[in-house]
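This report concerns only the one structure given below.
The values are calculated or read from the model by the stated rules, or taken from the named source; none is laboratory data. A quick note: this is a predicted structure, and the numbers were derived from the prediction, not measured. Using ideal geometry, Cβ is built from the backbone for each residue, glycine included, and neighbour counts are taken over all protein chains shown. Note: accessible area is taken over every heavy atom of the protein model, side chains too, but ligands, DNA and RNA are not part of it. Shrake-Rupley method; radii C 1.70, N 1.55, O 1.52, S 1.80 Å.
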Amino acid sequence: MRRVYLDYNATTPVDPEVIKAMLPFFTETYGNASSIHAAGQTARGGVEMARQSVAALIGAKPSEIVFTSGGTEADNLAILGVVAAMHREKKHVICSPIEHSAVRNSVQALEKQGVEVTWLPISKEGIVDPQDVRRALRPETVLITVMYANNEIGTIQPVAEIGKIAIEADVYFHTDAVQAVGKIPVDVNEIKCDFLALAAHKIYGPKGAGALYVRENSPLEPLLFGGTHERDRRPGTENVPGIVGLGKAAEIAREHLASDSGRITALRNRFEDGILSRVPESRVNGNRARRVPNTSNISFLCAAGESLVISFDLQGVQCSAGSACSSGAITPSPVLFAIGLPQDEAKSTVRFSLGRFTTGEDVDYAIEAASAVVNRLRDLAAARHKTVIPAD
Ligand SMILES: *Cc1c(COP(=O)(O)O)cnc(C)c1O
C-alpha cells in the first residue's frame with residue numbers, strides 16, 4: 001500500500017542533509033562544548049555556527065538566540081521567564097485563545113499563581129484583531145503572547161501590528177513561531193517581538209532541539225538552575241548534535257523558503273479543490289487567504305475525527321484529528337471551539353499538512369482516499385441509523 005504522510009505540522013522527516021551534518025557530532029566530534037581542549041572547541045564551533053544560521057533565518061543577532069529542548073521549552077521560558085523577571089511591577093498577560101498548549105498551559109499556570117490574564121476574542125476565520133489587543137492593555141500588562149501561525153488551521157496572525165502596539169505600550173511581546181518559521185519569511189525586526197519560539201523538528205531537523213529568540217536587554221529569569229550556558233538563560237550541557245541539526249535545518253529552510261512555499265501552496269490548493277469537488281459537504285476551516293502554505297483543516301460532517309484518522313491510516317494516508325477523545329467523550333479542539341465551529345463540524349474535522357517531500361501523486365492519492373473513506377463512513381452511519389429505527 002502507498003503511504004502518504006500529510007502530518008508535517010505534527011513533525012517533519014529529518015532532511016538527509018541535516019542527518020549528514022549531525023553525524024560527526026555523535027562520533028568523532030563528541031566533545032563537551034564547554035571544554036577548553038580541542039574536542040570541546042570543535043563542538044563549540046558547531047554550536048556557534050548553528051546559532052548564526054538560526055539567527056540569519058529570523059533576522060536576529062546570534063547573541064539573541066538561546067537553544068532549548070524544543071518549542072515547548074522556548075514558549076515556557078519566554079512566558080514564565082519574563083513574567084518572573086517583572087512580577088514585582090506588573091501582573092497582567094494578554095493571550096490569544098488559539099495558542100498551542102505549550103503557550104496556553106504556561107499562561108494558565110501563571111493564572112493559577114494570581115497573574116491576571118485577558119483571553120482575546122478571535123474571528124470565525126481564526127484571526128486576532130489588533131484593536132482587541134489594544135483594548136486589553138492595562139497599566140500592569142507585562143506581556144502579549146500571540147502565535148505567528150496556528151498549528152491546526154494555519155492562520156497567520158497580524159503579528160507586526162501587534163508588535164507595534166506592544167512597543168507603543170511598552171509591553172513585552174512573545175510570538176510562538178514554530179509553525180511559521182521555514183514556511184513564510186519571519187523577521188524579528190519586522191514583527192518587533194521581544195521573544196520568538198521555534199522548533200527543529202517542525203523544519204526538517206531533529207526532535208528535542210529548539211530555540212528562543214530573546215531581544216537584546218529583554219528581562220528573562222531562567223526556568224532551570226545550573227551552569228552559565230546560553231548566557232545564564234538555559235543551563236545544562238548543550239545538545240550539540242541536536243543544535244547542529246537545527247542550524248543545518250535553518251540554513252536549508254532559508255535556501256528553500258521561496259521555492260518550497262510556492263510548490264507547497266500549489267499542492268495544497270490542488271488537494272483542497274479535489275476534496276471540495278469530490279466529497280460533498282466538506283468545508284475548509286480558517287482563513288483561506290491568510291494561511292501558511294501547507295495546512296488544510298477540513299470538516300467532513302460524517303464520523304468523529306479520530307475514526308476518520310484511523311480510516312485514512314488504513315488507506316495509507318497519515319493525518320491528524322481536530323478533536324481528541326478523552327475518557328470516552330469527544331472534545332473538540334480549543335482552536336475549533338474558539339473559532340465557533342458547530343460541535344458536529346468540529347468533531348468531524350481532520351488536519352492535513354503537507355511538506356517538502358509531498359508530491360502531486362501523494363495529493364491525488366489522498367483525494368481518492370478521502371472520497372472513499374468519507375463515503376464509507378457516511379454509508380455506515382446511514383445503515384446504523386436505519387437499524388435503530390423501530391420497525392412497526
Ligand atoms: C509543535 C509546536 C510546539 C511545540 O514544539 P515542540 O518542539 O514539539 O516542543 C509549540 N507551538 C506550536 C505552534 C507547535 O506547532
*Working with all protein chains in place, sort Asp273, Asp15, Asp187 by solvent-accessible area computed with a 1.4 Å probe, largest first.*
Asp273, Asp187, Asp15
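Residues with beta-carbon under 12 Å from that of Thr265, excluding Thr265: net charge, scoring Lys, Arg +1 and Asp, Glu -1?
On the way: positive: Lys183, Arg263, Arg268, Arg270, Arg288, Arg291; negative: Asp260, Glu272.
In short, +4.
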*Enumerate the amide H contacts of Thr175 below 5 Å, restricted to partners 5 or more residues apart or on another chain; note that Pro and chain-start residues carry no placed amide H.*
Phe195, Leu196, Ala197
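Any idea what the relative contact order of segment 129-178 is, in percent, if you count C-alpha pairs under 8 Å spaced at least 6 apart? Walk me through the intermediate numbers first.
On the way: 56 pairs, mean separation 23.5, N = 50.
47 percent.
Would you work out if the chain is rounded, prolate or oblate? Take a ≥ b ≥ c from the square roots of the eigenvalues of the alpha-carbon gyration tensor; rounded if a/c is under 1.5, else prolate when a/b is larger than b/c, oblate otherwise. Before the final figure, lay out the partial values.
Values: a/c = 2.11, a/b = 1.40, b/c = 1.51.
In terms of gyration-tensor shape, oblate.
Just need the relative contact order of the chain here, percent rounded to a whole number, with Cα pairs under 8 Å and 6+ apart. It would help to have the intermediate numbers written out before the result.
On the way: 802 pairs, mean separation 84.8, N = 392.
Taking the mean separation of contacting Cα pairs over the length of the chain, I get 22 percent.
With every protein chain kept in place and ligands, DNA and RNA left out, what is the accessible area per residue of segment 29-80? Probe 1.4 Å, answer in Å².
That works out to 38 Å² per residue.
Counting helices only, and only those DSSP H runs with n ≥ 4, report the 222 nm mean residue ellipticity of the chain as the sum of -39,500 (n - 2.57) divided by its residues, in deg cm²/dmol to the nearest 500.
Numbers: 13 runs with 170 residues, N = 392.
Calculated mean residue ellipticity at 222 nm is -14000 deg cm²/dmol.
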*Where Lys and Arg each count +1 and Asp and Glu each count -1, what net charge lies around Leu246 among other residues with Cβ under 12 Å from its Cβ?*
+1
*Using the beta-carbon distance between Ala84 and Glu17 and R0 = 41 Å, what value does 1/(1 + (r/R0)^6) give for FRET efficiency, to the nearest 0.05?*
0.60
*Which Cα, out of Phe271, Thr155, Ser218, lies furthest along the positive dipole direction of the chain (beta carbon charges, K/R +1, D/E -1)?*
Phe271
*Set of lysines near Lys61 by C-alpha distance (under 25 Å), chain-local residues within fewer than 8 positions excluded*: Lys164, Lys183, Lys192, Lys202, Lys207, Lys248
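Could you work out the local net charge near Leu301, counting Lys and Arg as +1, Asp and Glu as -1, over the other residues with Cβ closer than 15 Å to its Cβ?
Working: positive: Arg278, Arg283, Lys347, Arg376, Arg378; negative: Glu281, Asp344, Glu345, Asp379.
Local charge sum for Leu301: +1.
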*Assuming R0 = 35 Å, can you tell me the calculated FRET efficiency for the pair Glu281 and Gln131, based on Cβ-Cβ distance, to the nearest 0.05?*
0.50
*Enumerate the amide H contacts of Val317 below 5 Å, restricted to partners 5 or more residues apart or on another chain; note that Pro and chain-start residues carry no placed amide H.*
Val4
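In square angstrom, what is the accessible area per residue of segment 102-254 with a 1.4 angstrom probe?
Details: 5930 Å² over 153 residues.
On a per-residue basis, segment 102-254 sits at 39 Å².
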*Determine the share of the chain's accessible area contributed by carbon and sulfur atoms, expressed in whole percent, with a 1.4 angstrom probe.*
54 percent
*Which of the peptides 175-185, 157-167 is most tightly packed, and how do the rest follow, going by the mean number of other Cβ atoms within 10 Å of each residue?*
175-185, 157-167
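May I ask you to list, by number, the DSSP H helices of the chain whose Cα span along the axis is at least 30 Å and whose average Kyte-Doolittle hydropathy reaches -0.5 or more?
On the way: long enough: 38-58 (31 Å, 0.34); 240-278 (48 Å, -0.10); 360-388 (42 Å, -0.11).
Membrane-span-like by this criterion, though nothing is claimed about a membrane: 38-58, 240-278, 360-388.
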*Suppose every K and R has +1 on its Cβ and every D and E has -1 on its Cβ; what is the size of the dipole of the chain about the Cα centre, in Debye to the nearest 20?*
240 debye
